[in-house]
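K.L.:
Quick one: this structure, given as structure tokens, is what I'll be asking you about.
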Amino acid sequence: MKIPDRKVVLAFLCVLAAGAVHGADSPPDWAYPVNPPGFKPKPDDGTPRHVPGSNASFTLTQLRDRFLSPVWHPGEHPAQPEVVARGRKPEVFACGFCHRADGPGGPENSNIAGLPAAYIVQQMADYRSGARKTSVPGRNIDLMISLAKAATDAEIEAAAAYFSALKTRAVVRVVESDSVPRTYVTGWHFAAMGKGEQEALGQRIIEMSEVFEHFESRDTHARFIAYVPPGSIEKGRALATTGGGRTVQCASCHGPELKGVGAIPGLAGRSPTYLVRQLYDFKHGARKGAESLQMKPTVENLAIEDMIALAAYAASLAP
């Protein structure tokens, strides 16, 4: 009998422990997907991979190298600084490996294209100091924490300057639905089983790549679809614009149409799964950085259903 990988088992135990701490308001597992016990990516058969609109090719082994940011569409972004393109061994992984060459990232991390440079630098400082963690330890955010501690100030500033100068693109489509394709977890995110089977969505957001092979290949053109409960966008709009008696108007800090103001990040068009994680982490103290002084009272009265609605609304906006 195959014995599950010890680190993956520990990750599952952390999920259970987090649920025990937070009680009924435990971290929603759909927002914090954890790889199943014994998870192993499929082996590389050595075949070069290609994506539409690109003449480049990479093998799976190259695409899984944490010290490589694959460039599929070089004409669409400036040359990457060294820390984004290759990182620095052994602990500073290439920023573009996870967040992609021009910053769109995916549901398992975040879209950082166009974020204010000062905001990016502050987040790295918070990871380094322990002020920014996660409500479900053992996930991929552990890589960010270790990387932040190993990176130099100059490397962080170079990465922040690069990503902040990029234009944010719309990469996620929000769809209200009662049902969703059946999925499995791979690499900390959901992928469709591809058998045409459906399941009830309930009070969840299920976000996945539209074409899994493109996302697996770290193509910066990869797009995502986020299924949300019916009525979520309008409910979120009402909460964001009026507060609904439970929160404050989001635009008062994040600006008109939630595109950000100064060092305050824009929310429009970002991954709704990521946004839910941040709202939950602020509420439960996993994010304790300087901005938590403003965010904590904003989120303390929000239920998971409110977070779903706000995230669905923000993600539906043009970035």
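The values are calculated or read from the model by the stated rules, or taken from the named source; none is laboratory data. Treat the numbers as computed from the prediction; the structure is a model and nothing was measured. We place every Cβ from the backbone using ideal geometry, glycine too, and count neighbours over all the protein chains shown. Quick note on the areas: whole protein, heavy atoms, side chains included, nothing else; ligands and nucleic acids left out. Shrake-Rupley method; radii C 1.70, N 1.55, O 1.52, S 1.80 Å.
K.L.:
Where does the charge balance sit around residue 65 when Lys and Arg score +1, Asp and Glu -1, over other residues with C-beta under 12 Å from its C-beta?
P.N.:
Charge balance near residue 65 sits at +4.
K.L.:
A further question follows. What are the equivalent ellipsoid semi-axes of the stretch 204-280, built from the alpha-carbon gyration tensor (square roots of five times its eigenvalues), in whole angstrom, biggest first?
P.N.:
27, 16, 9
K.L.:
List the aspartates and glutamates whose alpha-carbon lies under 12 Å from that of residue 149, not counting same-chain residues fewer than 8 positions away?
P.N.:
Excluding near neighbours in sequence, the set is 91, 126.
K.L.:
In the full protein assembly as shown, how much of residue 119 is accessible to a 1.4 Å probe, in Å² to the nearest 10?
P.N.:
Counting only protein heavy atoms, the figure is 30 Å².
K.L.:
In the chain, if every C-alpha pair distance is counted and binned at 10 Å from zero, what percent goes to each bin?
P.N.:
Whole-percent P(r) values from 0 Å outward: 6, 26, 37, 25, 6, 0.
K.L.:
Sticking with this one: Given 0.36 nm per residue, what is the gain on full extension from residue 211 to residue 251 after removing their alpha carbon distance, in nm?
P.N.:
Fully extending the segment from residue 211 to residue 251 adds 11.1 nm.
K.L.:
If you don't mind, there's one more thing I want to ask. Name all residues of the stretch 279-319 having a backbone nitrogen under 15 Å from the label point set 7 Å from the Cα of residue 261 along its Cα→Cβ direction, giving them as ranges.
P.N.:
Within reach of a label on residue 261, which here means backbone N under 15 Å from a point 7 Å along Cα→Cβ, the stretch 279-319 contributes 294-295.
K.L.:
Which percent, nearest 5, of DSSP beta bridges in the chain are antiparallel?
P.N.:
70 percent
K.L.:
How much length is gained if the chain between residue 176 and residue 195 is pulled fully straight, taking 0.36 nm per residue apart and subtracting their Cα-Cα distance, in nm to one decimal?
P.N.:
Answer, rounded to one decimal: 4.7 nm.
K.L.:
If you don't mind, there's one more thing I want to ask. Among bridges DSSP assigns within the stretch 160-319, what percent are antiparallel (round to 5)?
P.N.:
Rounded to the nearest five, the antiparallel share is 65 percent.
K.L.:
I want to make sure I understand the PRE zone here: with the label point 7 angstrom from the Cα of residue 125 toward its beta carbon, which residues in the stretch 235-275 have backbone N atoms less than 18 Å away?
P.N.:
262-265
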